[in-house]
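Below: the structure, in structure tokens.
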Amino acid sequence: MFRITIKHLHESPFFIGVPLIILAIGSIFFGFFAKDLFIGSGTLFLASNIFIDLYHNVIIDTEYIPTFVKLLPFFFTCSGFLLYTLIHFYSYFFLYYYIFFYNYIYFFLSNKWHFDKLYNVFFIRNIFVFSKKNIYHFIDKGFLEVFGPFGSYNTLRF
């Protein structure tokens, strides 16, 4: 079912995109020209955001790191893109490999009921017990009955 849903995805039509583009351009220009209305006319609001201490030489040291280190984000981006395309085009192979070798984990995670059962037993039930024993009895039964409307009524009653 997931593959069928993916096949029917599409971009919005051109007559929907044009008004969005016009609105985006208008909001950029309005924000540029109306910024003094929001932060004040002639203020130095953004002047101190980029401050470099003269004794902090790390920025100068970054100019002299090896070129390979500077290109690492580019390499990781390209390798991530290639990995994504391989998984996307050969997803059936990876799916069958995963099902064949990790059958129990696959069925445990694919059946939502098993995961929900464990989540309820280990987390939700403990949170309910804690809130009933501590929060409900302390706040609702204790604090609000002593200092709430009935408590103030019993205190002020002659």
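Can you give the extra length, in nm with one decimal, that the chain gains between LEU82 and LEU118 once fully stretched, where that is 0.36 nm per residue apart less the Cα-Cα distance? Write out the running numbers ahead of the final one.
On the way: separation 36, 0.36 × 36 = 12.96 nm, distance 3.64 nm.
So the extension gain works out to 9.3 nm.
With both labels modelled 7 Å from their Cα along Cα-to-Cβ, the VAL129 to PHE147 distance reads 3.0 nm. What full-extension length gain, to one decimal in nm, is calculated for HIS137 and TYR102 as 0.36 nm per residue of separation minus the Cα-Cα distance? Result: 8.0 nm gained on full extension.
Computed from the coordinates by the stated procedures, all read-outs in this text should not be read as laboratory data. Note that the coordinates shown come from a computational prediction; the quantities given were computed from them, not determined experimentally. With ideal geometry, Cβ positions are generated from the backbone for all residues, glycine too; neighbour counts draw on all protein chains shown.
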